[in-house]
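Chemist: Attaching a single structure in structure tokens format; questions to follow.
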Amino acid sequence: MKILVPVKQVAVLDEDFELREDGRDVDPDYLNHELNEWDDYSWEVALQLQERHGAAVEVVPVTVGPTQAEEGLRKCLAKGGERGIRVWDAALAGSDPTVIARLLARLAEREGADLVLTGAQAADHAYAQTGVGVAALLGWPHVAVVSALDYTPGAASAKVCRELEGGLQEELAVQMPAVLTIQLGINEPRYASLRGIKQASAKPIEVLSHRELGLSDAQVGEAGSACRVRRMYVPAKGQAELIEGTPAEQARRLAEIINELRGVNG
Amino acid sequence: MSGILVIAEHRRGELNPVTLECIAAAAELKTARGGTVAVAVLAQDPDAYLARLGVGGVDELIKVAVPVAEFQSDVYTEAVLALIGSRRPALVLLPHSIDAWGYAPALAVRGGYGFTTDVFGLRYEGDTLVATRAGYREKVHVELDFPGKATVLLTLRGNAFKAAEGSASPAVSVFDAPAASPRSQHLGYREPEAGDGVDITQAEYMLSIGRGIGEEEHVAEFEELAERMGFTLGCSRPIADNGWLPKYRQVGQSGKTVSNCKIYIALGISGSVQHMAGMKHVPNIIAVNKDPEASIFNIARYGVVGDIFEIAGELRNHFT
Ligand SMILES: Cc1cc2nc3c(=O)[nH]c(=O)nc-3n(C[C@H](O)[C@H](O)[C@H](O)COP(=O)(O)OP(=O)(O)OC[C@H]3O[C@@H](n4cnc5c(N)ncnc54)[C@H](O)[C@@H]3O)c2cc1C
């Protein structure tokens, strides 16, 4: 069976940043990128299924993004898997999660995937849309925010836990093939070995365009999106009264504040 | 295409209070723009929720009988798609909850609606609906519109809109949902782990640690500090996920809400929405973080931009 694991390089802002000239996004010069925390867990789920069930399971990390997004794929490949896929072309700029889901669903069809594991959300924009969107486009069942998985590759259904609010969990059985969106804490993601990191740089990454996935220009980019950014802005900051001084002075003031608030005489 | 449809949410007989916030947001748009507000409740026995949903601004309650006691993504998707198809509302609102994560994106791609999630601001500019959400880990706000979309579906962030108040006398109608074949089955619930005598929801004074503590071996010094100060030790999710502290000490959406807390000290916690869900209401939040842009400072009353180890080291000298 084949497990497709969509991963994303999320953007982290520099401390001081500027907006793009059109005011609709941050100037890319001020963005750093790292692998989405949730995807570390979904990739680990795939690797563990492969380890437990052997060569019959193929795990493939895939991403939608420009060249630098390959870094995320290499991070995954350093831990396992033999190849990755990256989808990108100029028309994809400005794509919202609906478009990303459309590309990933086409990719899952093209690959003949049997299971798709995404992160429950991405740390930068926190849409929490992509995985369930992929499922709907494929016509597959799905479970969002999965905190435990009990599955034997090839079986017709999996037992999963869905993490709800307030620490409550729901146990459910879901038919396969399915899309599961993976929650933090489901496992302990491994570290890549030095050897793994070296090997990853030689593993093949196929690059595909939206046309190669059978999508038209109108189905991608801003045109294909379910929403459009009008403007981005830095919100007015909240009211925290900042306590200045040396750490010793700051701590003394904090202690005073705490005692005052508690009604204790300092 | 007119009117606003709110989809009520409930679990184990309890209405999700964010439903009332969605209703208030809808009612406010109605005041500005006209139209009607309808609230649909999908349940085995929708009547059980009607009294709680007849609140300010609601014109109609729609009962949608479904054959499942609890949320099931296929059943909910088919029912809401059919309802939207029949009513053609301009706007559909639902809470940004785990259940919504589990089916709102399916609704959006199946229906081809305008769509975004985790919205905390909503208004019309002329005829254009403008929704505001956050980006880049809450460091910027983003205004979105939905060009060419006759129906827009939004999930609303909890506690961002005030809850609907007052009473209304809505008309009550029935919608027959099409049969759906559920491809997942509810097997049961697992209750959260009990707290070993520690119940952070009762604590008045909390000292919480986050990923900023770096290593498990550092937990002990903060534990000692909390004890010295007479504070209850809490944590953000990564600390509990790593097993450094038990889950029942986790504050937040999937942890606990510290309902009785008067002073909350957040050490090395960035202030993600899910963490803030559990402590945002606390009157006195004190945050220590080395990142001056950390969003925790936006809700804190007092802030120290600095290293938690240095501050904690000094702080212990003031408590014996
Ligand atoms: C469905 C769902 C439910 C969730 N439920 C919860 C929940 O209940 N509770 C929860 O907490 N999270 C929850 N999360 C996770 C949440 O999104 C964040 O990942 C998490 O809250 C981050 O924890 P943190 O602030 O400790 O870590 P980070 O976001 O990594 O922040 C660490 C902070 O420490 C600061 N720092 C680092 N070193 C130092 C130092 N030496 N001195 C001072 N500052 C330092 C950094 O500047 C940073 O701001 C949930 C997520 C999802 C998707």
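Chemist: B:Ala194 fails exactly one of the following numbered conditions: (1) away from the ligand (no atom under 13 Å from the Cβ); (2) within 25 Å of B:Pro95 (Cα to Cα); (3) touching a Phe, Trp or Tyr at 6+ places or on another chain (Cβ under 9 Å). What is the number of that condition?
Modeler: Only one criterion is unmet by B:Ala194, namely (2).
Chemist: Any idea how many residues of region B:50-73 are in contact with a Lys or Arg (Cβ under 9 Å, 6 or more places away or on another chain) and either aromatic (Phe, Trp, Tyr) or farther than 27 Å from A:Gly133 by Cα (or both)?
Modeler: 4
Chemist: Condition check: closer than 19 Å to A:Ala144 by Cβ, within 13 Å of another protein chain (Cβ to nearest Cβ), buried (at least 23 other Cβ atoms within 10 Å of the Cβ) and hydroxyl-bearing (Ser, Thr, Tyr). Does B:Ser73 satisfy that?
Modeler: Values: closer than 19 Å to A:Ala144 by Cβ: yes; within 13 Å of another protein chain (Cβ to nearest Cβ): yes; buried (at least 23 other Cβ atoms within 10 Å of the Cβ): yes; hydroxyl-bearing (Ser, Thr, Tyr): yes.
For B:Ser73, the condition - closer than 19 Å to A:Ala144 by Cβ, within 13 Å of another protein chain (Cβ to nearest Cβ), buried (at least 23 other Cβ atoms within 10 Å of the Cβ) and hydroxyl-bearing (Ser, Thr, Tyr) - is met.
Chemist: Sticking with this one: List pairs: first in region A:1-24 and within 30 Å of A:Ala156 (Cα to Cα) and part of a loop (DSSP other than H, G, I, E, B), second of a type in the set (Phe, Trp, Tyr) and at pLDDT 95 or above, Cβ under 7 Å, 6+ apart or cross-chain?
Modeler: Close Cβ pairs (under 7 Å, with a partner that is of a type in the set (Phe, Trp, Tyr) and at pLDDT 95 or above) amount to A:Val7/A:Trp43.
Chemist: When only residues in region B:78-100 that are touching a residue at least 40 places away in the same chain (Cβ under 8 Å) and within 18 Å of A:Ala120 (Cβ to Cβ) count, which is farthest from the ligand (Cβ to nearest atom)?
Modeler: Pass one, region B:78-100, residues touching a residue at least 40 places away in the same chain (Cβ under 8 Å): B:78-80, B:82-84, B:86-97, B:99-100.
Still in the list and also within 18 Å of A:Ala120 (Cβ to Cβ): B:94-97, B:99-100.
Working: B:Leu94: 16, B:Pro95: 13, B:His96: 10, B:Ser97: 9, B:Asp99: 11, B:Ala100: 11 Å.
Among those residues, the one meeting the criterion is B:Leu94.
Chemist: Can you give me the number of residues within region B:263-287 that are more than 17 Å from B:Ala160 (Cβ to Cβ) and either more than 6 Å from the ligand (Cβ to nearest atom) or of a type in the set (Phe, Trp, Tyr) (or both)?
Modeler: 11
Chemist: Just checking: which of the strands (runs of 3 or more DSSP E) contained wholly in region A:116-229 hold 1 or more residues that are within 16 Å of the ligand (Cβ to nearest atom), within 7 Å of chain B (Cβ to nearest Cβ) and closer than 30 Å to B:Glu193 by Cβ?
Modeler: In region A:116-229, the matching strands (runs of 3 or more DSSP E) lie at A:142-150, A:157-163, A:169-175.
Chemist: Something else about it: For the subset of region B:291-310 comprising residues that are farther than 19 Å from B:Val140 by Cα and out of contact with any Lys or Arg (no Cβ under 8 Å at 6 or more places or on another chain), which member is farthest from the ligand (Cβ to nearest atom)?
Modeler: So the residue we want is B:Arg301.
Chemist: Give the residues of region B:19-68 that are in contact with an Asp or Glu (Cβ under 7 Å, 6 or more places away or on another chain) and either of a type in the set (Ser, Thr, Tyr) or not in a strand (DSSP E or B) (or both), sorted by residue number.
Modeler: The answer is B:Thr19, B:Thr36, B:Gly56.
Chemist: Scan region A:212-229 and tell me whether some residue there is within 29 Å of B:Ser295 (Cα to Cα), among the basic types (Lys, Arg) and modelled with pLDDT of 95 or more.
Modeler: Yes: region A:212-229 contains one or more residues that are within 29 Å of B:Ser295 (Cα to Cα), among the basic types (Lys, Arg) and modelled with pLDDT of 95 or more.
The values are calculated or read from the model by the stated rules, or taken from the named source; none is laboratory data. Everything numeric in this text was worked out from a predicted model, so none of it was measured. Heads up, the Cβs are rebuilt from the backbone with ideal geometry, glycines too, and the neighbour counts pull from every protein chain shown.
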